[in-house]
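Some notes on the structure that comes next.
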Amino acid sequence: DENTGNVLTLDDLLVPGYKDKLNAIAEKIFRKDYELGDQSLDEAGFWFENNKFALNENFMIDNGALQFLFNSYEVAPYAAGQQEVRITFTEIKDLIKKDGPLSYWFK
């Protein structure tokens, strides 16, 4: 937070109960970006726990979006490099706290 210097978490930015919906939106984007179609994550070479997509807490706010980064070895082999998921605020408009740190986006 530029005003307080505190590290922001997703709980600071998004409404309570956001996790399942955010993960569902992110998985659609991830599957499209990495051209996975209906293939299971395991079959595609990804290492998500129980073969279920889940975002991590490694994100930044970037030009109207939340950008998530999976480091090498986190969800795929080192040779695959880092994976990213960019979720625009438009895609999660109903999940953003209207009185939170991202409230400027609604003005």
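The values are calculated or read from the model by the stated rules, or taken from the named source; none is laboratory data. From a predicted model like this one, the values you see are computed outputs, not experimental measurements. Counting neighbours? That spans all protein chains shown, and the Cβs are built from the backbone with ideal geometry, glycine included. Heads up: the accessible areas ignore ligands, DNA and RNA and are worked out on the full protein's heavy atoms, side chains in. Shrake-Rupley method; radii C 1.70, N 1.55, O 1.52, S 1.80 Å.
Per-structure values
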quantity: Heavy atoms of R86 accessible to a 1.4 Å probe, total area in Å² rounded to 10; calculated: 90
quantity: Heavy-atom accessible surface of the chain: percent carbon and sulfur, 1.4 Å; calculated: 47
quantity: Calculated P(r) tail over 14 Å for segment 39-107, as whole % of Cα pairs; calculated: 65
quantity: Within segment 1-86, GluC sites (Glu not before Pro) in DSSP loop having at most 16 other beta-carbon neighbours inside 10 Å; calculated: E2, E35, E43, E57, E74
quantity: Most to least accessible of Y34, Y18, Y78, Y104 (protein chains only, probe 1.4 Å); calculated: Y78, Y104, Y34, Y18
quantity: Net charge over other residues, Cβ less than 13 angstrom from the Cβ of N71 (K, R count +1; D, E count -1); calculated: -3
quantity: Inter-part distance where segment 67-107 and segment 1-43 are each reduced to a Cα centre, Å; calculated: 5
quantity: Extension gain from A54 to Y78, taking 0.36 nm per residue of separation minus the Cα-Cα distance; calculated: 6.7 nm
quantity: Heavy-atom surface of the chain, accessible at 1.4 Å and reported per residue (Å²); calculated: 64
